[in-house]
Structures are given as structure tokens and as C-alpha cells.
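Throughout, read-outs are computed from the coordinates displayed, never taken from laboratory work. Keep in mind that what you see is a predicted model, and the values were worked out from it rather than measured. Cβ: placed from backbone, ideal geometry, glycine included. Neighbour counts: every protein chain shown.
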Amino acid sequence: MSLLDLLALLPVLILVFAATTILMVGAWYKEPRPLIAGGILTALLAALAAGMVAPPVSEIAGLFSAGGYARFFTILWSLLAAAGLMLGGRFVEDKKIGAGEYVSLLLYGAAGMALLSSATHLLGLFLALETFTLVFYILIACNRDCEFAAEAGLKYLLMGAVATGFMAFGIALIYASTGSLALPDAVTQLTTVSGELHAWGLLGWGMILIAVGFKISLAPFHLWTPDVYQGAPAPVAALLATGSKGAVVAALVGMLAVSGPIWRDLVDLIWLLAALTMLVGAFSALAQKNLKRLLAYSSVTHMGTLLVGLLCQTSEGLAATTFYVVVYVVASFGAFAVIASLADKRGEPMSFDDLRGLGYRHPLRCAVLVLLLLSLAGLPGTAGFMAKFTIFHAALQSGYIALVVIGVFASVVSFAFYLRVAMLLFQSDKPASTWHVGSPLEHAVLAVCSSAVLVLGLFPGVLFDLIGRLLP
Amino acid sequence: MTELTSLPQFPWLSLLVVLPLAGALLCLMHRKRPADCRALSLATSLAVFGVALYLFICHGQGEGRWLLYEDVSWIERYGARYVLALDGIALLMVLLTSFMQVSAVLLAWRVERHVSSFFALLLLLEAGLMGIFLAYDLVLFYLFWEVALIPMFFLISVWGGANRRQAALKFFLYTLVGSFFMLIAIIALYQIHGAQSGVYSFVIGDLLQTQLTAAQEGWLFAGFMAAFIVKSPLVPFHTWLTDALTESPAAGSLDLTGLLLKTGIYGLIRVAFPLFPNATESFLPILAVFALVGLFHAAWSAYHQDDIKRLLAYSSISHLGLVVLGLAAWQLTAWEGSILLMVTHGITTGALFVLVALIQERTGTRSMKELGGLWGQTPCLGFLFLLFSLASLGLPGLANFAGEILVLLGTFQQHPFWAVIALLGVVFAAAYMLRLVQGVLWGPVYKERSLPDLTLREWIILLPMAILVVWMGVYPEPFLAPMHGTVASLLAGGLP
């Protein structure tokens, strides 16, 4: 690794070094606020570095790309980490959790996600994935007051371990059949080998797909999702639902863009996974009585929709998927942020009983929540519509008409459960109890999320063009 | 297509959309001051009405396909543009919308709960409706189409009657399912057109030139029809409407019946028919069957209602059956009649919904069993109720008659048989409307109670409507004049 490589790696280095420093400092210095402020500044600095410092090389050590696409996601995940820290401040103070640990873990997580989105080598993919998974093992279980937290942590650990196993085995199989782990070689070689080796290679990709299925909770590998989201503190669940999934999808998009159609032989399987995920997610969400669980299933349907975009394997489909990732991340993160900002000493308002009539106690934040939910549902005028529109557009172009019909059907179902929450919030049978007023930082996050949803919904052109230019 | 003037003109059409939006935002900012919100929404809706009147008077007689046309680049990557286009039919709908909106705001004057949100939603609804009536780009059209659902959803689910939540969800999901089919059809049509011409565009004017095979045209047409038929609503898909209308707050019912229902039929006229002329041609007889079945079924159901709001809901569906029949006849007179009937029905039924709300306010009931003898107790209210009921059943000299007779005349020229059946349906209308009048106004007084007669505010709402109802019945020409050209060109552009 040369000095130039290091310069290209600058944003990640900033995150990692600052995280380590904050962890050290946090061991002696217990005041949470300065530590969190330091973390936020670091994350913003990393985003700035990714945006301003042009990398001198196009690939880092043969493992990670330093192209525009990778930098775009580095910026996104850094900003997300900053937002996660803004949300987490009050939680850390209230629950007396070591601020140094919390901040540094979040920054490590962001570094992992940034690396994952820029992986061009299966080994890089594996390493980056494990980096942030490890972070989440700890973060999910960090709330020792919550009875569900330990359960959630354990569930995520077990599922994560299984996924890691699949991933490692899959990578090994691919290596055995193609002799390469670098993309696009690992793909292109596969088309040249035949017979048994070809089959092993395909099996390897299938296993990677299963591991991905666990990570981004595709049905039938999604069962951990609602329990974990329910148990994890809202600021962590927000990151888990958005960053950890978005980074995996971004990595897949990057891989597909570099190496062409990986999945030619797996198309039917992915088709099935996508259809199943969209339907299972939507219908399971209908039965929920808890907002966090509902958001978990909503994320399941969204991952199904994203898979439709990935399935197209055209540049149109990949651009649509990328756009969708950004929009989903903003809206879903915002929804969790509303929960986090309302949380107080009693915990987080998430059961439907807590939400009933809450719109009259906290009108502004509940209105924001409704807006974000409607964006997740895909109401025209919000970013969610444009995202779904582009995905379906790409899918129709590639001829997946049946899948689009299924997706549209799942969207209709999802409107039903999102609207139920909206109705619940503005139901006035009995007065709701009052929750926390929220800190200015939390309000700032909400303001950014809701305005992003509106702006991207009405003027999506800017982001479309940017993504079109960035895709490798 | 006509050549368009490239001179920069004042964006009147955008103003129609933006004004209510701005009003809604201002309302939300003055959450603590309900009185200001009321005044603000009244001012906004009056301003919009002013703009609409100005357009009617100054731009109503233009030559060519479009009276006004605004075209701005929007999402370039996908060829979606911000296109608003005003033709004669749109002009009438805009005028109707802005007029009804003023009434709706006045009607909602006494809403006590969450005033600012109520008015904000009402104004948002107006913005959405204006958008639907003006948009000439399919993405933009779809956007407004869905955006108009949200305020209505909340108006019903928060301020509605006892079953409000169920009704609101039903309303939303029914129309949503329909419109998602439309969305798929929109994208598919866009791609077919793009692949053919190399120009990817969502502007309806561009898409008109698409060459479609019969199968493609049939499927795409079906997608659009799914949205429009549910919204209109034609009979097997009408159950959402009766619930929504019954549970909705007064101002909501007014907007729903007067305006939102018209968007379905408007979509047929403006989008589905011109885009798919061949499919339309083969579908017209089926449409007529839908219309006639709806006309009778709804009239029959209306006759058996006890809840007067429900009765009016069914009467709306019945009337819309007649409107659709006129369209299915594909004849100039019938079309003009249909469009006129759409407008007059909006006013008469809207007024009746207002009166029902007033009656409910006074007596606390909508059941005919617990009403009766209002003629003696509240003579002014009784008189107006009678006037609008008679207008609604199509008494000559009042508004609906003009539209109905044109529809029947036009239909008779093309398909005498249809017209004869429809005429029977109109007789049915007389039956249920007279039953309504009898149950509410005449008959024995249900209970001696002192009921206040119309207040000044209520007069202000109803008097303009009453004047219009008489005017449009006696001399509908000013309202027919602007749409002659548009209807003729639409009919010519459709069937060979």
C-alpha cells in the first residue's frame, strides 16, 4: 500500500483514527457531550474529505474502489453516522452508557459501511462486512435496562454468525472455481469454466446471496429483523435499518456495475426471493402492533423492491437501485429518529397504544413521521414515489412485468399499514401521554430528513443525474 | 397539436395550484389562532375563485386546442415535464372547483377541533384537484391524482362520523389499487413510445402519436380505466363512495361529491379516450352497460335508504351513470350534456349535502324516520331543500335538466335504445328525490322542537348556488360556449 493509497483512504482513516482516539479519551474523560460533539465533527469531516479530496488512485490495494460511486456512499454513511450520534446523545446520557465507546463504535461502523460500499474484491467485501457487523453486535445490546435488548443482541449475533459462515464458504467456493477473488475476474472467469467447477462457483454465489439475505433480511431469512429492531435502542435501530442494509446493497450495485451480470444463472432464484420478500414483508407488517416492528417489516418489503432493481442488472436498474437506497435510508432513518426524539426515561413510544392520539401532543414531529411513512409507502410528491417509480420503470424495461405487478400489489398493502399508523397518531379518543420535547440536534435531523424527502420527491433530477454520472 | 406561443406569459395556471398550497402552509403556521386560519382560507379560496373567474372571462373564448399552456422542464432524465394546460372543459372544472371551495370553507366555519389542520387539508385538497384538472403530463397528473387522496383521507379519518376510520381506509385503498394499475400502464406506454420514437416523454401530447398494437392498446387502456372507473365510480366499484360520503365531515362531502368524483370522468375525457382511441371505440358499448346498470342500481339503492346522506350518495352515483352514458354515446350534444351535468350535479348535490349538514346540526339526526315536517319549522331551509331536490331530479328550468336533456338527446341520435332505458332511470330519480323531500320536509312533524332557520353565513353559502342552479337551468349557454371547440376536437381526435 503506497502513500497515494492512504490518501485515497483518507475519509476512512479519519473515521478510524478519531474513533480510536475517542475510545481512549473516553476511558478517562466521562463527560458525554464533548465526546459526542467530537464524534459528530469527525463524521462530518470524513464526509467533507470524501467530497473534497480527489483520490489520486482509482483503486486501493486491489480491495476497494476509490471512484466517485464509492466516495458518494462514503459521504452518505459518514453523514448517517453523524446523524446517528446526534440522535444518540440523549440516550447515552440517560442510560449512563460510556460515551466514548458509543461514539467510537458508531464511527467504526461508518468506516465499515464506507469500505463495504466500495469493495471491489470479495475479501474486501468480507472484511468490511464483518467490521460493522461486529459493531452492531455491541450496539444492539447496549441498553441494559431494556429486557429485549439482550435477546436482540443475541439474535443478531447468531444470525450474523450464520451469515458469516455462508459468506466465507461461498467466497471459498468461488475462489476454488475461478482462482480469483477480485472483481470482475471472479465473475468473468466463471463464465469460462465449465462442468463441475462452474456448478461450484454458482453454489458459491448462491451462498453469498444467502449471506446477503440474512444481512438485508430478505424473506425467508428475515425473521430476526423485528425482534432486533424492537430490542435495539432507536438510534441504533435507525442505523441498523438503513446503513447496514444500504451498504450491502450499495456493494452489490458496485459489483454488478463493475462485472456485468453476475447472476445470469440465478435470475429465477432472485426473482422468487424478491417476490417473496415484498409480499411477506408487506403482509407481516399488517399484523403488527408496534411501530418498530412495523418499520422492521417495512424494511423487509423495501429490500424486496431493491432486489427487483438489482435483478434488472442494467445501468438503468442499478441507477434506480442506488436512488432507492438513498431515499429509503433518509425516510427510514427519519422514522426511527422520530421515535428516538420522543423517547424519555420511560423508554420509547412504539406500541400502538403509546402512539394513539400522539399527533395532538406532538403535532410537528408526528406530522414529520406521517410524511416519512408516506414516503416509505411511495406517495407521489415524496421521494419514495420517485424511487419506486424508477425501480418499476427499470423492471418493466427489462421485461419483469409480473414482478412489477407483485411489487405494486405489495405497495398497496404497505399503504394500508403505514396509513394505519397515520390514523392512529391523529386519533382523538383518549388523550395521549406527553413524551420528551426532543433536543435541538434531534430536531435538526428530522428537519433534514423531511426536507430531503420533499425535495427529492419534487425535484429528483439532481440526484438522478449525479448517480448516473457516478455509477462505475 | 396546436402551435404554442413562446412568449413568456404570467403563469395563471400555476397560480391556481400554488395559491391554495401557500394558503395551506400559512394555516399550518398559525396553529394557535383559529380565527386567522378561517379568514386566511376564505381569502385564499376567494382569490383562487377570482383567478378562475378572470380566466373564464378573459381567456374563455380562445382559439385552438388550448386556452393557456405552461411547459417547464422538470425531471429531464425521464422526460417528465411540468405541463399545465387549460382547455374549455378544464376551465369549467377549475371554475367549479374554486366555487365549491369557497362554499366548503364557509361550511367548515364552525369546525371546532384542530381548525388550522382542517383548513390546511381543505386547501391542500383544492391544490390537488386543480392539479388533476390542469396537468398534461402523466407523471404530474399521477402526482396530483394521489396527492389529492391524502387530505381527503385525513378529513374523513379525523373529523368524520362514527365509522370514519374504516371508511377512510376503504376510500384510500380502493382508489389506490385502481391508480396503481394506471401507474403501470403509464410507465409501459412511456416505454413503448420511447422505443418507437426515440424521444422519452410523459407529456400526453407527445404520447398521442404512439403506434400501439391492438393487444397493447387494450391492456394499457384497461390500466387507465381501472383508475378512472373506481374513482368515477361505476357500479361494482362504488362501495367506497357511499361509506366515504356518509362518514365524511360536511365540507369533505361537499368536495368529495362535487369535485373528487369528477376527476375520474375527467380522466376518461382528457387522458384515456384520446390516448387509446381504438380501444375506446370497442369499449364504449361496455361502458354504456356499466353506466346504465349503475344508473338503475344506484337509483334503486337510493330509494331504499333511510339515512339521507347515504341516499344522496347513491343519487350521486346514479347521476354519474348518466354522465358516463353521455360520454359512451360519443356524440357532440351528449358530451356537452355530460360535462354540463357534471358541473350542475356538483352544485346541486353539493348544495344538498350542505343542507343535510345543516339539518344534522340542528336536529342531530340524518334518519328520515326522525325527520319530517321541516317545511313548517324552518321555511327558508325547507324552500332551498325543495329547490335543490327538484333541480337534482331534473325539473325543467333548473340546472340538471339542461345537462340531462342534452345527454338524452345526443344519446338518442346515436343509440335510441340506450336513451329510452336511461329515461326510465331519470324517472327513478324523481321517485327517490320525492321520497326524500316527503320524508324530510313534509309529513307529520317528528318532534316539536324549536329549530333556528338559516343564518346569514348559511345564506351566503346557499344563495349563490341557488342562483346558479336557476341560471344554468334557464340559460346554460355561457357555460357551454367555452367547451364547444374542445369537445369537438376531442371527438374528432378519437373516432375516425
Q. Residue separation times 0.36 nm, minus the C-alpha to C-alpha distance between B:Tyr200 and B:Thr213: what's the value?
A. 2.8 nm
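Name the trypsin sites (Lys or Arg not before Pro) in the range B:46-129 that are in a loop by DSSP and that have at most 15 other C-beta atoms within 10 Å, would you?
On the way: sites: B:Arg65, B:Arg77, B:Arg81, B:Arg110, B:Arg113; in loops: B:Arg65, B:Arg113.
Taking the range B:46-129 and a limit of 15 other Cβ atoms within 10 Å, the loop trypsin sites (Lys or Arg not before Pro) found are B:Arg113.
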Q: For every other residue with a beta carbon closer than 14 angstrom to the beta carbon of A:Pro440, add +1 if it is Lys or Arg and -1 if Asp or Glu, then tell me the sum.
A: +2
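Going by C-beta contacts inside 10 Å, put B:Thr363, B:Thr348 in order with the fewest on the left. Could you put the intermediate results ahead of the total?
Working: B:Thr363 19, B:Thr348 31.
Arranged by neighbour count, lowest to highest, B:Thr363, B:Thr348 become B:Thr363, B:Thr348.
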Q. What lysines sit close enough to A:Lys388 to cross-link, taking a C-alpha to C-alpha distance under 24 Å and skipping anything fewer than 8 places away on the same chain?
A. A:Lys215, A:Lys245, A:Lys292, B:Lys170, B:Lys231
Q. Any idea how far apart B:Leu409 and A:Leu41 come out in nm if each label point goes 7 Å out from Cα toward Cβ?
A. 8.2 nm
Q: Tell me what the protein assembly as shown gives for mean residue ellipticity at 222 nm when only DSSP H runs of n ≥ 4 count, each as -39,500 (n - 2.57), the sum divided by the residue total, rounded to 500 deg cm²/dmol.
A: -25000 deg cm²/dmol
Q) Using r as the Cβ-Cβ distance of B:Ala22 and B:Ile286, and R0 as 41 Å, what FRET efficiency do you calculate, to the nearest 0.05? A) 0.40
Q: Specify which residue in the list B:Leu387, B:Asn400, B:Ala226 is farthest towards the positive end of the charge dipole of chain B, using unit charges on the beta carbon of Lys, Arg (+1) and Asp, Glu (-1), about the Cα centre.
A: B:Leu387
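Could you sort the peptides B:305-314, A:156-165, B:323-332 by per-residue average Cβ neighbour count (10 Å cutoff), highest mean leading?
The peptides rank, most packed first, as B:323-332, B:305-314, A:156-165.
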Q | Residue exposure sequence - B:His30, A:His121 - by fewest surrounding Cβ within 10 Å | A | B:His30, A:His121
Q. Amide H to amide H, which residues 5 or more places from B:Val203 or on other chains are under 5 Å from it, using H placed in the peptide plane?
A. B:Arg81, B:Leu138
Q.
How many angstrom lie between the Cα centre of the range B:365-409 and the Cα centre of the range A:322-373?
A. 48 Å
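Hey, how much of the P(r) for chain B falls beyond 31 Å, as a percent of Cα pairs? Could the numbers behind the result be given before it?
Values: 48901 of 122760 pairs.
Cα-Cα pairs of chain B separated by over 31 Å account for 40 percent.
Where nothing but the Cβ of Lys and Arg (+1) and of Asp and Glu (-1) is charged, how large is the charge dipole of the protein assembly as shown around its Cα centre, in debye to the nearest 20? Before the final figure, lay out each step's value.
On the way: 47 positive and 50 negative charges, 418 e Å.
Dipole about the Cα centre, nearest 20: 2000 debye.
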**Q.** Where Rh is the Kirkwood radius over Cα pairs, Rg/Rh for the range A:263-472
**A.** 1.00
Q. Which aspartates and glutamates, on any chain, are close to A:Lys30 with Cα under 16 Å apart, when same-chain ones fewer than 8 places away are left out?
A. A:Glu93, A:Asp94, A:Glu101
Q) Where in chain B are the helices, taken as whole DSSP H runs, whose Cα atoms extend 30 angstrom or more along the long axis and whose Kyte-Doolittle mean reaches at least 1.6? A) B:416-440
Q. Given Cα pairs under 8 Å that are at least 6 residues apart, what percent is the relative contact order of chain A?
A. 14 percent
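From Cα pairs below 8 angstrom and at least 6 apart in sequence, can you work out the relative contact order of chain B, rounded to a whole percent?
On the way: 839 pairs, mean separation 71.5, N = 496.
Computed over chain B, the figure is 14 percent.
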